[in-house]
Amino acid sequence: MIKTVNEIKKGDMVVYRSGRINYVNKPRQYKEYFNENFQNPALGFRYDIIEIKRYVKVLCLYKLKTIYKRTMI
């Protein structure tokens, strides 16, 4: 499980509170714009990160594994 924004890697799938899905290309930008609670204070609550998924190799196939999930408040 991810505990900080610094653990986000390139290729991770990020799901925002608004429902938008984004693949991470530049992890350092997430370090700049998001705080330790995975919230973006500048853009408001619509762009809080509620889920992060990562592709994990199992045998010869890849599957998505949820590495961070926040409950809806």
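The values are calculated or read from the model by the stated rules, or taken from the named source; none is laboratory data. For clarity, every value in this text was computed on a predicted model and none was experimentally measured. Heads up, the Cβs are rebuilt from the backbone with ideal geometry, glycines too, and the neighbour counts pull from every protein chain shown. Keep in mind that these areas ignore ligands, DNA and RNA; they rest on the heavy atoms of the full protein, side chains included. Shrake-Rupley method; radii C 1.70, N 1.55, O 1.52, S 1.80 Å.
Summary table
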{"item": "Inter-label distance, nm, simple model (7 Å from Cα along the C-beta direction), Asn40/Lys65", "result": "2.7"}
{"item": "Alpha-carbon gyration tensor eigenvalues x 5, square-rooted, for the chain, Å", "result": "22, 13, 11"}
{"item": "Of all accessible heavy-atom area on the chain, the percent that carbon and sulfur account for (1.4 Å)", "result": "55"}
{"item": "Rounded to whole Hz, the Karplus (6.51, -1.76, 1.60) HN-Hα couplings of the range 24-36, x for glycine and proline", "result": "6, 10, 10, x, 5, 5, 5, 5, 6, 9, 10, 8, 5"}
{"item": "In order through the range 38-43: 3J(HN,Hα) via Karplus (6.51 cos²θ - 1.76 cosθ + 1.60), integer Hz, x for Gly, Pro", "result": "6, 10, 9, x, 6, 9"}
{"item": "Amide H within-cut-off set for Arg17, under 5 Å, with H built and near neighbours excluded", "result": "Asp48, Ile50"}
{"item": "Protection-proxy order for peptides 11-19, 57-65, each taking the mean of Cβ atoms within 10 Å per residue, highest first", "result": "11-19, 57-65"}
{"item": "Relative contact order (%) - the chain, alpha-carbon pairs under 8 angstrom, separation at least six", "result": "30"}
{"item": "Using θ = phi - 60° and Karplus 6.51 cos²θ - 1.76 cosθ + 1.60, couplings along the range 51-58 (whole Hz; Gly, Pro as x)", "result": "7, 10, 10, 9, 6, 10, 7, 10"}
